[in-house]
Structure formats: C-alpha cells, structure tokens
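Each value in this text was obtained by applying a stated rule to the coordinates, not by laboratory testing. Values in this document were obtained by computation on a predicted structure and should not be read as measured data. Cβ placement follows ideal geometry from the backbone for every residue including glycine, while neighbour counts extend to all protein chains displayed.
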Amino acid sequence: MNPETKITTDEVRRICARHGIKYLSHSRITTGFSHEVHRLNDDLILKLFNKSSNKNFLCESRVLEVEDSRILKPKLIATYEPDNDERSYIIMSYIEGRSLGGIWHLANDEQRERLIQQISNVLQAFQDINQDFLQLEDYGSWQNYLDSKSNKLVIKLLNKSIISEETSDEILGVIGRIKPYFGADEPIKPVYWDIHFDNFIVNEEYELQAIIDLENVRILPLDYPLFVVRKQMELPHKYLAEEEEKYADKADYVHLWDWYEKYYPQMFAFDHLEKRVKLYQLLDELHLMIDWSHDSELRESFNKLMEELSEI
C-alpha cells in the first residue's frame, strides 16, 4: 500500500466540523489497508475510499449498521457519500489491540485454537445478515457468479495485454469444467471472505476484539474463504507487513485448516472441495494480475495452478 497521505489537515478539520467532532489530531495508518485510513483523535478511525470503490463504501457502511452482538466490529460514527468529486468516507470507533497477523507467532497452540473458534463464531453470524439490507449483488446461482466474475477478469487482462487469447480460452475452459461442482441448491448467504489475520484485532490475552475491513462481505459460496486459509498456510508471508515477514513460519499455521473445520464445519460441507478451493485461488490470482502481473512469484503461482486445474 502507498503510505502517502493525500488528505490535508484542513480537510480533516472540515470533516470533523461536518459531523460535530472536535478535531485534536490525526495520523496515517499505513499497513493493512487498500484505502487511505487515519487514526483520528486517538479514539476514532477515518477511512477514505478510493473514488472507484463506491461498492466497497456502501457495503462497509451497511455492515457497520447491522445490529448483531455476535459480530464484533467497530461502532459506526458517521458516513459521507458526496455527489461531487470528493471521496466517500466512514468514521468509526478505534478498537484497542493489535492485528492478529503481527502477534500470531507469539501465541501458543491453545491460544491460537481459541482464537479460530472465536473468529469462526463471528464468521457464521455474517450468514444471518438480511441480504436485502446489505443490497449486495446476487447472481442467482454460483455458476452465474463464476461466469460473470471470470469473464470480467479475463476481459480486463486481455485489454491490458497481460494474457493472450490462448490463455484466456484455457482459463475459461478450466472454469467451465469446474462449474458443475457448484449446485443450484447451495446456500446463498452473506460471507466475510478476506479472513487473513491483519483483519482481526486482538487484545493482550489473545481474545478477538473486532473484525475490520468490512467492505469484504459479499454473497458468495460458504467455502469461498478457504482459499485464504490455504494461502496463509502455504505462504504466510504474503499476509504480513514487510517488517513482520521474518516471523512467517509455516509451522505456526499447520493446524489452521483443521481448526476451522472443527469450529466452522459449514465451510467444509461440499463435495469436490479441493477443486473448488483451487478455483477460488485462480479467481484471486487473476484479480491480482491486473495490477501485479510483473510479479514473478505471482506469475509462477498462476502457471502452476493452471497446470493443476488443466488436469481436471
């Protein structure tokens, strides 16, 4: 993430005045966010959304409005959706604690398992959110979702000359062969999918305090977050801040899959689970390649994954 601060102090002061908040201070938070985020007055968070991310702003705003004590989240203070060239933003409460990603290596297995149990309880609660309230896009079936998602990604990659027509055909062919593994009667529920540890705030006793980045709720298959679990287990450094990558020991993540299966069995109750998870990983890597096609590690991972999926 680019840590450069775009908003000025005068603009922050105007935002505070708009909502009757006395301005004291603000400082940029430069890790773990794709948008511009500031700690405001020590007890608040100001999150400014990119102009192209209005869908994310609306999603997070609505999720923060949900009244469900099982969903541990910041308190919504104010939102602003301009009708001009300004950026949308959310003001929410600041949650004391540290990101789980930064201290996972310090916990013992008992503490880790208890955290996964707490996280699983919150993740399951997202399923009970009223879909009409969230106003999230519903494709009607997972097969329709896969068609829409994959076609949009492939078109973007083709337009940027990142992939060839031949590779495009191979990608769509792979997805076409795996689509039958998604049944028409599968549950249609809101899912918080981006479950890497920097999105979990914990206290000194390794107790979950909140889930953040709530823009990442979508109508998705219940097992969709498992590709994040798999990636954390195999490449834990990918989800850590640069200064914390030295703590990325795969041995610390070896039980992650089993713990999630124990405490969130609904995520695992699908036939052909391994093929489905690999497909989710493919969609994620296609998305990443739009901006990171120059990354040799990503390219290597994509080519390896395509080889594996082509054998299906």
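Brief remarks follow.
- Cross-link pairs beyond the 30 Å C-alpha cut-off, checked among Lys55/Lys304; Lys51/Lys304; Lys246/Lys278: Lys55/Lys304; Lys51/Lys304
- Listed values for segment 136-145 are Karplus-derived 3J(HN,Hα) couplings in whole Hz (6.51 cos²θ - 1.76 cosθ + 1.60, θ = phi - 60°), namely 7, 5, 10, 8, x, 8, 5, 5, 5, 4, and x replaces Gly and Pro.
- GNM top mover of Gly20, Gly140, Gly176 - the chain, alpha-carbon springs below 10 Å: Gly20
- Relative contact order, whole percent, for the chain stands at 19, derived from Cα pairs under 8 Å and 6 or more residues apart.
- Relative contact order computed over segment 9-93 (Cα-Cα under 8 Å; 6+ residues apart), in percent: 24
- Ile77 long-range amide H proximity, modeled H, under 5 Å: Ile91, Met92, Ser93
- Tensor-based shape of segment 67-225 (alpha-carbon gyration tensor, a/c under 1.5 rounded, otherwise prolate or oblate): prolate
- Rounded Å value of the spacing that divides the Cα centres of segment 263-312 and segment 146-213: 8
- Entry note, the chain: the mean residue ellipticity at 222 nm calculated from DSSP H runs of n ≥ 4, each adding -39500 (n - 2.57), is -13000 deg cm²/dmol after division by the residues and rounding to the nearest 500.
- Here the Karplus curve 6.51 cos²θ - 1.76 cosθ + 1.60, taken at θ = phi - 60°, turns the phi angles of segment 167-183 into couplings of 5, 4, 4, 5, 4, 5, x, 4, 5, x, 6, 8, 3, x, 7, 10, x Hz, with x standing for Gly and Pro.
- Interchain or long-range residues, amide H under 5 Å from Ala210's placed H: Ile201
- Cα gyration tensor category, rounded, prolate or oblate, for segment 197-296 with a/c compared to 1.5: rounded
- Prolate/oblate/rounded label for segment 9-93 (Cα gyration tensor, a/c 1.5): rounded
- Rough spin-label spacing in nm, given labels placed 7 Å along Cα→Cβ, for Asp185 and Ala241: 4.9
- Largest GNM mean-square fluctuation across Ile212, Ile119, Ile15, computed for the chain with C-alpha springs under 10 Å, falls on Ile15.
- All lysines inside 16 Å of Lys250 as judged from Cα atoms, apart from same-chain residues fewer than 8 positions distant: Lys231, Lys238
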